[in-house]
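Reading through the structure tokens given below for one structure.
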Amino acid sequence: MDIPYTVQPREDTGLYNAKVGIWLFLASEVMLFGALFSSYILLRVGAAPGAWPHGLLNIPIGTFNTAVLIISSVTVVMAWASLKLNEFGKFKVYLGATILCALAFLCIKSFEYHDKFTHYQVWLADGKTMTGHIEGSPMFWTRNTLEEKKLDHIMLHADAAHGEHGAAVAHEAVKIETKEITRLSAYVPAHSTYFAIYFTLTALHGLHVFGGALVLAFFWGPGSKMWRTDPERFTNRIEIGGLFWHFVDLVWIFLFPVLYLL
């Protein structure tokens, strides 16, 4: 038995089934990310003056990743257009480029995550704070970790120290006694509300990128066999995958300025 309305539009909506389904799914996604963005706005507006971190993310990397996703939106449209023009070879090239852009985005994001996991803020007993990388680049250390490892000091390659007595020279190796440290945290969700929101939003978005890339990779590989038996339905599948991909890109276009620039 053939499934109805896989190619022909429905009489009630004027759309074929898959397009109705993807728009309903994207509506739920808008509600999900809308709730998270609203939470971010309320928490930031309600934060004490000067308490909200700023300038802790790498803007050039974020800008480059934005360009990667914008390019991927163009290539996925070109892949769909190639099928419309009956140019299957060009479709493979353009969809392959989209998948590579997705993988590039995730690789760059993993590099950025690693940097945050190894970049520390140290609170000192005299009220000062210092930021930098601990020698050996450990991840996820806390004040308790120093006691568990019975370390009497750490070597911090400091970015800067903040306090009334000035700042450390950038990248200078500073020896800090454990007894002087009141708190130690990498730039992880436990560091602050800002990083909790940052990792929640970007990790959820990253999962969408990964999931979308898997679907597109299936269409590029074994799923492309449908082109020989039902080319119009296969073209519709690429259109649906493209709509989801555009949504993923659009979410990042909102995430980038909100988290990196504002």
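Each reported figure results from applying straightforward, stated rules to the coordinates on display, with no laboratory input. From a predicted model like this one, the values you see are computed outputs, not experimental measurements. Cβ coordinates were reconstructed from backbone atoms using ideal geometry, including for glycine residues, and neighbour counts include every protein chain displayed.
Please tell me which of these pairs span more than 31 angstrom C-alpha to C-alpha: 116/175; 116/225; 19/92; 128/150; 109/150; 109/225?
Details: 116/175 21 Å; 116/225 43 Å; 19/92 22 Å; 128/150 23 Å; 109/150 33 Å; 109/225 33 Å.
Checking Cα-Cα distances, 116/225; 109/150; 109/225 exceed 31 Å.
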If each part is reduced to its alpha-carbon centroid, the stretch 9-52 and the stretch 204-262 end up apart, in Å, by 17
Listed by chain and number, the residues whose amide H is under 5 Å from that of residue 172, excluding neighbours fewer than 5 places away on the same chain and using placed H, are 158
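With 10 angstrom as the radius, rank 178, 66 by how many other C-beta atoms surround their C-beta, starting from the fewest. Display every interim value, and only then the final one.
Numbers: 178 15, 66 18.
Least to most surrounded, the residues fall as 178, 66.
Would you mind ranking 28, 137, 82 so that the residue whose beta carbon has the fewest other beta carbons within 10 Å leads the list?
Working: 28 8, 137 12, 82 20.
Sorted ascending by nearby Cβ count, the order is 28, 137, 82.
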In the list [x] -0.45, -0.54; [y] -0.65, -0.73; [z] -0.55, -0.65, the entry giving log10 I(q)/I(0) by the Debye sum over Cα atoms at q = 0.10, 0.11 Å⁻¹ computed from the coordinates is [y]
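If Lys and Arg each add +1 and Asp and Glu each add -1, what is the summed charge of the other residues whose beta carbon sits under 13 Å from the beta carbon of residue 65?
Net charge around residue 65: -1.
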Once Lys and Arg are counted +1 and Asp and Glu -1 for all other residues with Cβ under 15 Å from that of residue 196, the total becomes +2
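Which of 130, 31, 139 comes first, and how do the rest follow, when ranked by fewest Cβ neighbours within 10 Å? Working shown, then result.
On the way: 130 21, 31 10, 139 13.
Going from sparsest to densest Cβ surroundings: 31, 139, 130.
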